[in-house]
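Structure first, commentary second.
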Amino acid sequence: MSVTPEMIAGGVCALLALAILIVLRRILRKPHHRIRRNPRRWIVVDGSNVMFWDGNEPKAETLRRVVGYLAEQGFTAVVWFDANVGYKLSERYRGSDWLARQLGIPESRVLVAVKGQPADPLVLDGARQLGARVVTNDRFRDWVDEFPEIVEPGHLVQGRLQNGQVQLEL
């Protein structure tokens, strides 16, 4: 039996779905009594995009400011990154533990795509599963067919850092 491109694509889709389910279980792992008393207003941050908002250079500080601003506005951020984020920020691979320390948030809310897997569909599917909007300046044009909600006004929250201040179109 030979392996066909359709079989490979099916396997990749199955792995992607499994990865998303594992990540969402990790994010939503909370005792029920805490969820009822303190409901979350989730928002997904496209970390690989947002880290470039200050001077078009990748900076963890930019993300820390955006995540802090979102918390001040009552949101709980989940931050997704492409696998190469560590190389952009520190010239070597970095996992979710290091990134979480840089952002000052729990590791369970920092997710890094597997090498070779684009983060875009993970960002968009994570937002869909959480019923959340996405903070990014990306338009995700390649993903409109699979995620039609991205063209709805307000689903993609654009922003920037201006004079050190976070500006978001919430």
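Residue 170 satisfies every condition listed in (1) of a type in the set (A, V, I, L, M, F, W, C); (2) modelled with pLDDT of 95 or more; (3) under 18 Å from residue 42 (Cβ atoms) except (2). In the condition set (1) in contact with an Asp or Glu (Cβ under 7 Å, 6 or more places away or on another chain); (2) small (Gly, Ala, Ser); (3) surrounded by fewer than 14 Cβ atoms within 10 Å (Cβ to Cβ), residue 131 is compliant with all but (1).
Filtering region 115-142 to residues that are among the hydrophobic types (A, V, I, L, M, F, W, C) and either more than 15 Å from the chain's Cα centre (by Cα) or not in a helix (DSSP H, G or I) (or both) leaves 119, 132, 134, 135, 140.
Of the residues that sit in region 95-109 and are surrounded by 14 or more Cβ atoms within 10 Å (Cβ to Cβ) and touching a residue at least 40 places away in the same chain (Cβ under 8 Å), which one is nearest to residue 43 (Cα to Cα)? Ranking the candidates gives 109 first. For residue 78, the requirement of being surrounded by 13 or more Cβ atoms within 10 Å (Cβ to Cβ), in contact with a Phe, Trp or Tyr (Cβ under 7 Å, 6 or more places away or on another chain) and at pLDDT 95 or above is met. Screening residue 85 on (1) in contact with a helix residue (DSSP H, G or I) (Cβ under 7 Å, 6 or more places away or on another chain); (2) surrounded by fewer than 21 Cβ atoms within 10 Å (Cβ to Cβ) shows it passes everything except condition (2).
So that you can scan it fast, the table gives a plain yes or no per residue for (1) over 24 Å from residue 149 (Cα atoms); (2) modelled with pLDDT under 95; (3) of a type in the set (Lys, Arg); (4) in a strand (DSSP E or B):
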position: 40; (1), (2), (3), (4): no, yes, yes, no
position: 45; (1), (2), (3), (4): no, no, no, yes
position: 61; (1), (2), (3), (4): yes, no, no, no
position: 66; (1), (2), (3), (4): no, no, no, no
position: 100; (1), (2), (3), (4): yes, no, no, no
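The values are calculated or read from the model by the stated rules, or taken from the named source; none is laboratory data. As the structure is a prediction and not an experimental result, all values here were calculated from the model. Positions of Cβ are generated from backbone atoms using ideal geometry, with glycine treated the same way; all protein chains shown enter the neighbour counts.
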